[in-house]
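Reading through the structure tokens given below for one structure.
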Amino acid sequence: MKNLPKDRYENPLIDRYASAQMLEVFSAQFKFSTWRRLWLALAESQRELGLAITQKQLSAMRAHLDDINFTLAARYEKKFRHDVMAHVYTFGDAAPVARGIIHLGATSAFVGDNADLIQMRKGLELIRARLMRVIDLIAKFAKKHKNLPTLGYTHFQPAQLTTVGKRACLWCYDFVLDLDEINHRLGTMVFRGVKGTTGTQASFLQLFSDNHHKVRRLDRMVARKMGFDKTAPVTGQTYNRKMDANVVATLGCIAQSAHKFCNDLRLLAHLKQMEEPFEKTQIGSSAMAYKRNPMRSERVTSLARYVLSLTNSPAMTAAEQWFERTLDDSANKRLAIPEAFLAIDAILGILANITDGLVVYPKVIASAIQAELPFMATENILMVAVETGGDRQKLHEVIRRHSHAAAAEIKLHGRPNDLIDRLKKDPAFANVDFKTVLNPKDYIGRAPQQVDEFLRDVIAPIKRKFGRLKIEDVELKV
């Protein structure tokens, strides 16, 4: 892409966002090398089951799995208007002794569909590793700040206190649920296998002289050679396109979680309570030099919306397939599936960068608490006053009047919350020790303990199972 003339469109997912690892998975080299490996696996298995295929032919194929002449393939495709046959001929030119047995008995979907499944599996494995990195970073952040009280918000209005660490667990759990979905997709993914033109395996049954046992073995042997334990029990010409829809829907789940997390962070940045990392030479605005825009979080939400829009295409494609197959899936698959993977790969790379450098401002958080805590503390103040001999109903009315007066000072005049000063001066609350009822840590419930339990019961088992998945952080391109 970088070698293209600058008067041609360049895909931002390639130039600006996705990692080299994911770009490789969906590259032409990976795709067509996989096609050749599939042809080799088919020929090897056919020889093992008795067909007249020589070691010399297999060796010739094996010697040219990766040296693809893309210029020649393009010429063949222009001539034949068929991408698979273009690569059959190109492979045959590279290994002429094997020309006659390449693609023997197969249909185009043998290489096209099986390679797509291999790409999606490899892509999901890379996504899983990146997702684990994000989960681990958020979990560490939650542990560090499990005791730090902060305002909880419902409807983006101040609510009961929570802790910064407990809120982080909410973000983390979203991604844990996404990890469960990724694991489910990887655990249930099956190979299309060797099924023939309409899925009946008729051509292979003819090759093996009506030996059904050998045809079934061929299906299993090729799958194992390509790293799959199971093949689809039935197919048409293609594997069921619901598999594509399910995979992209799973990627959409990650987009939902990422969007929610980054929206929260953008709101917290506005409140000056938390923000994403901001580099020393980073410019927030070309006009307003003082600004610290949450550009990484904004980029994540932007890409996440794109992924969510892509989830519709594979679903509609699955619904549109006629009988054993139609070809209206092809152009759509070439766009929707790789771009969903590339965008989620980019999102998780950015999230790792964000979560590894989150900045918390405890004093701003404490100031926000103090502005609202007097209202939240009224129930505790009421109970203490009742315990020292007060009348609950009368005290409730006194608190109500003072609360409305204090709220008016805040909203109408922009003054600080003076509710506590008002209550201190009222004889009805003379026996209340206001210092003891205004400790924020008395209003966070079991938030710190919930963090400990979440890290122990949810995160620790995941790390024991998938802790071996190591991946380096992606350096942001922009």
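Just so it is clear, none of the values below were taken in a lab; they were calculated from the coordinates. Bear in mind the structure is a predicted one, so any value in this text is a computation, not a measurement. Here Cβ is always computed from backbone atoms with ideal geometry, including for glycine, and neighbour counts include all displayed protein chains.
When the helices in the chain are scored as -39500 (n - 2.57) per DSSP H run of 4 or longer and the sum is shared across all residues, what 222 nm value do you end up with, to the nearest 500 deg cm²/dmol?
-20000 deg cm²/dmol
Hey, fewest Cβ within 10 Å first, where do LYS463, LYS122, LYS363 land in order? Could the numbers behind the result be given before it?
Values: LYS463 15, LYS122 19, LYS363 9.
By the 10 Å Cβ count, ascending: LYS363, LYS463, LYS122.
Rounding to the nearest 10 and keeping the result within 0 to 90°, find how far the Cα-based axis of helix 83-94 lies from the longest principal axis of the chain.
The angle comes out at about 60 degrees.
What are the ³J(HN,Hα) values, in whole Hz, obtained from phi via the Karplus relation 6.51 cos²θ - 1.76 cosθ + 1.60 with θ = phi - 60°, for each residue of the range 422-438 in sequence order, with x given for Gly and Pro?
Working through the residues one at a time gives 5, 5, 4, 7, 7, x, 4, 10, 5, 8, 8, 8, 5, 5, 6, 9, 10 Hz.
Which of SER203, SER309 has the fewest other C-beta atoms within 10 Å, and how do the rest follow up to the most? Could you put the intermediate results ahead of the total?
Details: SER203 17, SER309 13.
Arranged by neighbour count, lowest to highest, SER203, SER309 become SER309, SER203.
Sort out for me the Cα centre separation of the range 255-278 from the range 313-382, rounded to whole Å.
What the calculation gives is 11 Å, centre to centre.
What's the exposure ranking of ARG192, ARG401, going from fewest to most Cβ atoms within 10 Å?
Details: ARG192 27, ARG401 12.
Fewest to most other Cβ atoms nearby, the residues stand as ARG401, ARG192.
For the chain, what does the relative contact order come out to in percent, with C-alpha contacts under 8 Å and a separation of six or more?
Once normalised by length, the contact order is 18 percent.
Pull up all non-local amide H partners of THR231: gap of 5 or more, or a different chain, and H-to-H distance under 5 Å with H placed in the peptide plane.
Hits under the 5 Å cutoff: PHE191.
Going by the alpha-carbon gyration tensor, a ≥ b ≥ c the square roots of its eigenvalues, is the range 135-175 rounded (a/c under 1.5) or, if a/c is not under 1.5, prolate (a/b greater than b/c) versus oblate?
oblate
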